[in-house]
1. Restricting attention to the range 1-17, which residues are surrounded by fewer than 16 Cβ atoms within 10 Å (Cβ to Cβ) and at pLDDT 85 or above?
2. Just to be sure, is Ser573 at pLDDT 90 or above, under 27 Å from Tyr391 (Cα atoms) and of a type in the set (Gly, Ala, Ser)?
3. Which one is least open to solvent (accessible area, probe 1.4 Å), of the residues in the range 373-400 that are assigned to a helix (DSSP H, G or I) and free of Cβ contacts under 8 Å to residues at least 12 places away in the same chain?
4. Scan the range 401-444 for residues that are over 23 Å from Leu379 (Cβ atoms) and either open to solvent by 20 Å² or more (accessible area, probe 1.4 Å) or within 28 Å of the chain's Cα centre (by Cα) (or both) and jot them down.
5. Any idea which residue in the range 369-400 is farthest from Met162 (Cα to Cα), counting only those that are of a type in the set (Asp, Glu) and over 19 Å from the mean Cα position of the chain (by Cα)?
6. Of the numbered conditions (1) on the phi > 0 side of the Ramachandran plot; (2) at pLDDT 95 or above, Asn413 satisfies every one except a single condition; which is it?
7. Restricting attention to the range 168-189, and to residues there that are touching a residue at least 40 places away in the same chain (Cβ under 8 Å) and in a helix (DSSP H, G or I), which single residue is most open to solvent (accessible area, probe 1.4 Å)?
Amino acid sequence: MATSGEAPESWYLALLGFAEHFRTSSPPKIRLCVHCLQAVFQFKPPQRVEARTHLQLGSVLYHHTKNTELETPWICLLSELYCQQNLVDSAKPLLRKAIQISQQTPYWHCRLLFQLAQLHTLEKDLVSACDLLGVGAEYARVVGSEYTRALFLLSKGMLLLMERKLGEVHPLLTLCGTIVENWQGNPIQKESLRVFFLVLQVTHYLDAGQVKSVKPCLKQLQQCIQTISTLHDDEILPSNPADLFHWLPKEHMCVLVYLVTVMHSMQAGYLEKAQKYTDKALMQLEKLKMLDSSPILSTFQVILLEHIIMCRLVTGHKATALQEISQVCQLCAQSPRLFTNHASQLHTLLGLYCISVNCMDNAEAQFTAALRLTTHQELWAFIVTNLASVYIREGNRHQELYSLLERINPDHNFPVSSHCLRAAAFYIRGLLSFFQGRYNEAKRFLRETLKMSNAEDLNRLTACSLVLLGHIFYVLGNHRESSNMVVPAMQLASKIPDMSVQLWSSALLKDLNKACGNTIDAHEAAQMHQNFSQQLLQDHIAACSLPEHNLISWTDGPPPVGQFQAQNGPTTSLANLL
């Protein structure tokens, strides 16, 4: 018998031959043809053969079924099989035909509209997808299904958020909130609608960088998922066939709530909390993936890893971050669609890793690759901000740097609505002014960052701004004001924890205490600085010694997987990490 890596053997060819013989007989013997195709599955064939057989089976049944009630489900199934075989253009006309003939069967009509909208979404044609979801919402209202109307509208809201059509999102979410609260039905269905609604609200706030404003919504979402986990799945079917839909399984919703909690903790700078929820979510995902091959689980896993990798780089665990970047590469290598959607993020993470090990040329190459691969405005602004920091550190890329800074000017026409990214743009301006010795200008930019980061509890930006202001006051000889900045910076950096800011703060505290004649405090700060330096150096050497370190030179094509060639040792120094 053939195993998953081998070509199909004689049993497969024989069954296929018999099936074709019965199909082309005069008259066709369709029942026997179907029996032969179904027999293929008894041999547990390779996945490719199994998918092809499903497609052949669906095609036979579709072309030889005359009953209109049966025709719609078969079209639905056949279009799904076409999509699995990446034959999207074959699926679309089938679905359009089925939508036309299914208006008297609410369940199938709604399902087909969802299916065609999903196809358009996968092809990035969000306008057509939104139009179909709007048609579905109106149809569901006409057939008296407020539940499925809410599902259509929430799905449309999700796509409008992706398109950044915020003017349309707000009234639509307001309408959805009213429908969800007023709908009386199955408690699990009601709570799942609330989870969908709240997830959209939370991600909308997080996209806007409003980490403090989102807290009430996030708390409601966490309470909602706790409620769902206590409810039993009722087997009572809804009386309206149009209500026979679920947004996500309960277990998937739990992982999603963990995920948005991690996103919030990462942005807010609560990195230990982010780690805790990531561990819980990844454990849950591993269990689910044993029983469920749904592609959304791999998407959740990649997004979780992307966030925890950023946490590791901040907390001084570069070697672990690098191994997790390699894990994301492997997940993306298994799914072309996943790679297409996350290639830019992957290069961005590699760019951040390169900064952390002082490989600035590689960082520039990674960020340039990431910019080439994204159309997402917030991600673009994030990459440009980090690339600007690379040019500032290199000190000799003035033309490129000013060109970038013009495009992310926080004082004038900032390209995205994100509060967090605009605050970061002020910080980058402050950093440049500091390196150029324009200290008053630097203070203005950094005070703007502080004002914005304090307003939304952006702890990392607050800590970075405080320590840089402390450095400026130290250079200007104002030791008291410097201390007023560096001490809270150190406290905040310890709470996050942010290893680089701790290293920087402890070096400043050592020099400040020395200048003020506080010998004991200076000695204590020097000891702290030595400890942080040792931890960072050891992690630096460990990361650069890993075979995966060679990923920093990958800037094009599919993700490299398999064995990486180990280097002989670190090629960078710790001296310029700050």
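1. Going through the range 1-17, the residues surrounded by fewer than 16 Cβ atoms within 10 Å (Cβ to Cβ) turn out to be 1, 3-7, 9-11, 13-14, 17.
Matches in the range 1-17: Ala14, Gly17.
2. On the way: at pLDDT 90 or above: no; under 27 Å from Tyr391 (Cα atoms): yes; of a type in the set (Gly, Ala, Ser): yes.
Considered against the rule, which asks whether it is at pLDDT 90 or above, under 27 Å from Tyr391 (Cα atoms) and of a type in the set (Gly, Ala, Ser), Ser573 comes out as no.
3. From the range 373-400, those assigned to a helix (DSSP H, G or I) are 377-394, 398-400; that's our starting set.
Then drop every residue that is not free of Cβ contacts under 8 Å to residues at least 12 places away in the same chain, which leaves 398-400.
Details: His398: 103, Gln399: 157, Glu400: 74 Å².
Here the residue is Glu400.
4. The answer is Phe434, Phe435, Gln436, Gly437, Arg438, Tyr439, Asn440, Glu441, Lys443, Arg444.
5. Narrowing the range 369-400 to residues of a type in the set (Asp, Glu): 378, 394, 400.
Retained after the next criterion (residues that are over 19 Å from the mean Cα position of the chain (by Cα)): 394, 400.
Values: Glu394: 35, Glu400: 30 Å.
Checking each candidate, the answer is Glu394.
6. All conditions are met except number (2).
7. Of all residues in the range 168-189, those touching a residue at least 40 places away in the same chain (Cβ under 8 Å) come to 185-189.
Those left that are additionally in a helix (DSSP H, G or I): 187-189.
Details: Pro187: 62, Ile188: 16, Gln189: 11 Å².
Looking at residues that are touching a residue at least 40 places away in the same chain (Cβ under 8 Å) and in a helix (DSSP H, G or I), I get Pro187.
Every residue, every condition in (1) within 27 Å of Lys276 (Cα to Cα); (2) surrounded by 14 or more Cβ atoms within 10 Å (Cβ to Cβ), yes or no:
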site: Asn459; (1), (2): yes, yes
site: Leu476; (1), (2): no, no
site: Asn484; (1), (2): no, yes
site: Met490; (1), (2): yes, yes
site: Asn518; (1), (2): no, yes
site: Pro560; (1), (2): no, yes
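The values are calculated or read from the model by the stated rules, or taken from the named source; none is laboratory data. Here the structure is a predicted model, which is why all the values come from computation and not from measurement. So basically every Cβ, Gly included, is an ideal-geometry build from the backbone, and we count neighbours across all protein chains shown. Keep in mind that these areas ignore ligands, DNA and RNA; they rest on the heavy atoms of the full protein, side chains included. Shrake-Rupley method; radii C 1.70, N 1.55, O 1.52, S 1.80 Å.
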